[in-house]
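First the structure, in the form of structure tokens, and then the observations on it.
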Amino acid sequence: MTDEAKIRITEIFGDEEIEVIFRQSPPPPEPDKLLLDGLGFHPPFNQRTYIEDGIRVDQDVPVKMRDGVTLYVDIYRPDGPEGLNNLPTILAWCFFGKRPGDSPKTWQAFGVPPETFSKMARFEGPDPGYWCKQGYAVVNADSRGAGHSEGNLVVWGLQDGRDGADCVDWIARQVWSNGKVGMFGNSGLAMVQYWIAAEQPVGLACIAPWEGLSDLYREMVTENGVPCPGFVNFVMGGQSGPGYIEDIVEMIRQYPLMNGYWQSKIPRFANIRIPAYVTGSWSHLHLMGSVNAFRKIRSPKKWLRIHREFEWPDTYAWWNQEDLKLFFDRYLKGVRNGWELTPRVRVEVMDAFDCDFQVNRPEREFPLARTQYQKLYLDASAAKAGGDGGSQKGAPGSTAELSVTGGSLSYESVPAEAKVSYDANGGLATFDITFTEDVELTGYMKAHLWVEADGHNEMDLFLTVQKLDENGNFLPTLVLDEEHPGTWGRLRVSQRALDPDASTDYLPVQSHKVKDPLKRGEVVPVDIAFFPIGRIWHKGQKLRLQIAGRYFREGWFEPFSWETDNRGDHVIHTGGKYDSYLQVPVVPPKYRAGDYAYR
């Protein structure tokens with residue numbers, strides 16, 4: 001795109017004056033060019049009212065914002081007398097198109113059988129075909145600059161919060177409304193709920209953000225400092241509107257470190273005081289954001305459910321819709337249905353493939369109070385080509401054609417110094433341990449490593465924890481029938497400095513405010529957070545830590561890619577003064593009776 005197709009708008013963020021880059025919004029993509037059904041499809045403007053399946057649909061209704069900009073929404077409510085007054089409303093807000101069902105392509109989400117939801121459902125949002133029949137109104141909104149809504153499209157942030165709050169106030173004043181509004185949606189529709197709730201609009205009674213980021217810089221535009229434009233371009237590539245679109249890929253190139261602009265992309269969680277029902281998936285890129293958001297929300301009424309499935313089949317499964325209905329009935333209708341007895345935290349503990357060891361296990365908090373953090377020390381002294389963990393044939397990121405060097409993990413600190421190196425772009429180091437009893441790991445993991453860049457001043461590290469069977473064969477979990485490569489963590493080493501106020505012993509958080517390139521021969525300590533884990537290892541099975549300069553995942557429908565800066569060799573130092581270790585969250589059984597352990 002030429003510079004002429006971009007504009008720069010100077011904005012104030014705290015005490016910083018920053019030029020925000022916008023690109024010209026393209027025309028809506030042709031149907032055969034849609035990246036994913038529903039993601040970015042904006043049909044022609046068509047103001048009308050019609051009845052479908054007993055549901056009244058008011059289409060492309062204008063809503064005026066406080067600054068005079070007009071946004072457009074679609075309103076779904078029961079036809080007949082029951083839809084005329086006293087309706088609670090579920091608001092679905094995002095720049096994804098509000099009517100993917102108008103697309104000439106078949107509207108279906110991955111992992112969800114055809115006809116599970118109606119054509120009235122927006123991408124990753126509530127289905128009016130279900131909720132209107134439960135006595136709710138549903139409002140699908142195109143946010144500012146999306147579709148036919150006026151203005152420039154801002155990619156999440158304070159503008160969304162203010163606009164969403166204005167829309168909540170508008171809904172609460174409608175003659176058919178009972179004055180109470182809730183919000184629901186996955187991913188982009190989840191993230192925006194935090195900004196809107198932080199504005200504290202009077203009519204917003206509760207939110208249900210299922211799978212959403214909490215920090216756009218650390219969790220999406222970069223992943224702990226490593227730029228990842230592939231997925232961002234995938235999400236934003238199909239968006240269109242009347243003005244310009246905030247170019248966050250260009251922003252990370254212009255402003256690679258944390259500043260006031262990126263800080264503005266972190267919601268003010270302390271302002272959120274209303275009931276919240278949050279979900280996260282052990283297998284999903286939104287997991288870290290979901291869990292961190294749950295922990296930061298200040299509401300005394302908040303619930304978290306962590307599961308193995310991908311977000312779309314999890315959302316539209318009847319048992320989860322019924323669970324969500326209990327939540328909305330309680331806080332939007334005032335039904336005293338016992339929702340308060342729902343465990344504050346429910347977790348699935350994964351085993352292998354599509355088998356879960358436990359489902360919806362009740363807990364009181366996250367991370368779990370009974371967690372015992374165990375250090376597993378890396379030992380490179382016995383490292384050898386080919387590793388000692390057996391074959392990974394058939395697994396995503398199979399090491400069959402890679403240069404692999406294998407070491408071990410130990411419960412005891414390693415006295416002798418040693419090191420292992422691998423090619424920064426094509427190699428891989430592994431460290432294994434065999435468990436002599438059943439071990440559950442649920443919670444936050446981190447790696448403390450001593451590292452060196454041989455031949456460069458930068459390292460982008462990609463870490464993965466995997467489960468292997470007794471013979472060293474990879475035991476993945478399945479998501480959408482694809483083999484997930486394992487629990488992951490990443491870091492750009494020049495941005496290793498920690499934020500002391502945000503970091504804990506179990507969760508290191510980088511400040512990303514300074515860049516400190518490596519010097520020739522310099523060995524530095526780094527602390528790398530993994531996404532949370534929830535998994536059981538049985539006696540005799542192995543845990544493997546993989547360290548590489550890239551993430552091994554092939555054949556996935558979302559086009560992940562990273563702009564890595566790796567050259568030469570990566571060197572991992574272990575033993576002696578180089579106390580490299582993997583810290584894991586061991587969850588002991590709640591009760592033991594001889595050989596029986598109740599978890």
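No lab work stands behind these numbers, since they all come straight from the coordinates. From a predicted model like this one, the values you see are computed outputs, not experimental measurements. Virtual Cβ from ideal backbone geometry, glycine too; neighbours counted across all protein chains shown.
Quick notes on this structure:
- Set K419/K515; K64/K333; K265/K542 screened for pairs whose C-alpha atoms are more than 32 Å apart: K265/K542
- Between K6 and D469, the modelled labels are 5.1 nm apart [label points 7 Å from Cα along Cα→Cβ].
- Residue order, fewest to most beta carbons within 10 Å, for T430, T371, T487, T10: T10, T371, T487, T430
- Under Karplus coefficients 6.51, -1.76 and 1.60, residue-wise ³J(HN,Hα) of the range 447-455 in Hz, glycine/proline x: 10, 10, 10, 9, 10, 9, 9, 9, x
- Three-way shape call for the range 372-586 based on the alpha-carbon gyration tensor, with the a/c threshold at 1.5: rounded
- Ordering of 578-587, 532-541 by packing is 578-587, 532-541, highest average first (other Cβ atoms within 10 Å, averaged per residue).
- Amide H contacts of M459 (H built 1.01 Å from N, in plane; Pro and chain starts excluded): V493, S494 sit under 5 Å, all sequence-distant by 5 or more or on other chains.
- Across the range 325-339, computed HN-Hα scalar couplings (Karplus, 6.51 cos²θ - 1.76 cosθ + 1.60, θ = phi - 60°) run 4, 4, 5, 5, 4, 5, 9, 10, 10, x, 6, 8, 10, x, 3 Hz from first to last residue, x flagging Gly and Pro.
- For R305, the amide hydrogen comes within under 5 Å of the amide hydrogens of V278, T279, G280, R346, counting only partners 5 or more places away or on other chains and with H modelled in the peptide plane.
- Helix-only CD estimate at 222 nm, as mean residue ellipticity for the chain, using -39500 (n - 2.57) per DSSP H run (n ≥ 4): -3500 deg cm²/dmol
- Ordering of 506-516, 115-125 by packing [mean C-beta count within 10 Å, highest first]: 115-125, 506-516
- Nearby aspartates and glutamates by direct alpha-carbon distance to K513 (threshold 12 angstrom, same-chain neighbours under 8 apart not counted): D499
- Mean separation of Cα contacts under 8 Å, 6 or more apart, over the residue count of the range 372-586: relative contact order %: 37
- Given their separation in residues at 0.36 nm each and the Cα-Cα distance between them, N271 and R592 gain 111.3 nm when the chain is fully extended.
- Classified by the C-alpha gyration tensor, the chain has a prolate form. Its axis ratio a/c, with a ≥ b ≥ c, is 1.5 or above, and a/b is larger than b/c.
- Acute angle (nearest 10 degrees) that the helix 188-198 long axis makes with the longest principal axis of the chain, alpha-carbon atoms: 70
- Sorted peptide list for 15-25, 150-160, 192-202, 475-485, criterion being average Cβ within 10 angstrom, highest first: 192-202, 150-160, 475-485, 15-25
- Angle in degrees between helix 158-173 and the longest Cα principal axis of the chain, rounded to the nearest 10: 40
- Phi to ³J(HN,Hα) by Karplus 6.51 cos²θ - 1.76 cosθ + 1.60 over the range 303-318, Hz, x for Gly, Pro: 9, 10, 10, 10, 9, 8, 6, 6, 4, 6, x, 5, 5, 9, 5, 4
- Prolate/oblate/rounded call for the range 87-146, Cα gyration tensor, a/c under 1.5 rounded: oblate
- 0 to 90° range, to nearest 10: angle between helix 287-296 axis and the chain longest Cα axis: 70
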